[in-house]
1. Just to be sure I understand the filter: pairs with C-beta atoms under 8 Å, separated by 6 or more residues or on different chains, first member in segment 205-231 and part of a strand (DSSP E or B), second member loosely packed, with under 14 Cβ neighbours inside 10 Å. Which pairs pass?
2. What number of residues within segment 154-169 satisfy the criterion of being in a helix (DSSP H, G or I) and surrounded by 15 or more Cβ atoms within 10 Å (Cβ to Cβ)?
3. Out of curiosity, is Leu185 part of a strand (DSSP E or B), over 18 Å from Met223 (Cβ atoms) and at pLDDT 95 or above?
4. Of the conditions (1) under 8 Å from the mean Cα position of the chain (by Cα); (2) surrounded by 14 or more Cβ atoms within 10 Å (Cβ to Cβ), Leu172 fails just one. Which one is it?
5. Among (1) on the phi > 0 side of the Ramachandran plot; (2) at pLDDT 95 or above, where does Gln141 come up short?
6. Among all residue pairs at least 6 apart or on different chains, which show Cβ distances below 9 Å where the first residue, located in segment 171-184, is assigned by TED's automatic domain parsing to the domain that holds Ile211 and the second is of a type in the set (Phe, Trp, Tyr) and assigned to a strand (DSSP E or B)?
7. Restricting attention to segment 128-138, report how many residues are surrounded by 13 or more Cβ atoms within 10 Å (Cβ to Cβ) and modelled with pLDDT under 95.
8. Which one is surrounded by the fewest Cβ atoms within 10 Å (Cβ to Cβ), of the residues in segment 77-121 that are part of a strand (DSSP E or B) and of a type in the set (Val, Ile, Thr)?
Amino acid sequence: MPHRSKAAVPNNSFEQRMTHLFQRTAPATPGPQPARHRPVCAALAAAMTGMVLALWSPSAFAAWDLQQLMDTLAQTKSARATFVEKKHIALLDKPVESSGELLYTAPDRLEKRTLKPKPESMVINGGELLIERGRQKHQLQLQAYPELAAFIDSIRGTLAGDRSALERSYRLSLEGSAERWVLQLQPLEPKMLAVIQRIRITGAHNQVRGIDITQADGDSSTMTIEQVAAP
């Protein structure tokens, strides 16, 4: 993100005004203050002024908001990462675990290569989805499957920093800071909400670190993502 320099403090600064206010509101005592009280008053004034300045500093108001997150994510034009995914299914005693690679090329190409336990490939390119399992291949046009398209756009739209695409299908909420953020996506459409209750995406700066999906039937999946540095 671009560096924001702090504004210079003017001569009639907030610090000066606060010190003046402190002096005006100090309890009145007859005659001059004893010399022993002056260092204490000065220390209190400095402490109060420093505290208020910290609260009113430009960095304190540079809130980490949704648009800043989207702008930061949009800066990534390509990325490669490894993943470990655990699916928690009510009928099974243990989660089903898989692992592999993720490859993203802006703005709309996403590939998921599952290596374990069995090789599988899923490539999303524009409006097409290609799935390969062994010798079997399935090609789908996403426009024919609006719920599936909405789910894919939750991931692809986040990676691309495409806020408008996300808000077409989800209610968005953001928590945390640039160093550790949590983006919650709740489906707007009843049909989608009947399948997916919530999608929770975590990250740091322009990197997605995790994707948690809670289904309406109680099943869930957790994907941990670790970005691979470019060679």
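1. Arg209/Glu226
2. Of segment 154-169, the ones in a helix (DSSP H, G or I) are 154-160, 163-167.
With surrounded by 15 or more Cβ atoms within 10 Å (Cβ to Cβ) added as a condition, the list becomes 154-160, 163, 165-166.
Total meeting the criteria: 10.
3. Working: part of a strand (DSSP E or B): yes; over 18 Å from Met223 (Cβ atoms): no; at pLDDT 95 or above: yes.
The answer is no for Leu185.
4. Against the list (1) under 8 Å from the mean Cα position of the chain (by Cα); (2) surrounded by 14 or more Cβ atoms within 10 Å (Cβ to Cβ), Leu172 comes up short only on (1).
5. Against the list (1) on the phi > 0 side of the Ramachandran plot; (2) at pLDDT 95 or above, Gln141 comes up short only on (1).
6. Leu174/Trp181; Glu175/Trp181; Gln184/Tyr170
7. 1
8. As a first pass, look at segment 77-121 and keep what is part of a strand (DSSP E or B): 78-88, 96-105, 109-116, 120-121.
Applying the additional criterion that residues be of a type in the set (Val, Ile, Thr) yields 82, 84, 96, 105, 114.
Details: Thr82: 15, Val84: 14, Val96: 12, Thr105: 15, Thr114: 17.
So, considering only residues that are part of a strand (DSSP E or B) and of a type in the set (Val, Ile, Thr), the one surrounded by the fewest Cβ atoms within 10 Å (Cβ to Cβ) is Val96.
The values are calculated or read from the model by the stated rules, or taken from the named source; none is laboratory data. Keep in mind that this is a model prediction, so the values were computed, not measured. Neighbour counts are summed over all protein chains in view; Cβ atoms, including those assigned to glycine, are modelled from backbone coordinates with ideal geometry.
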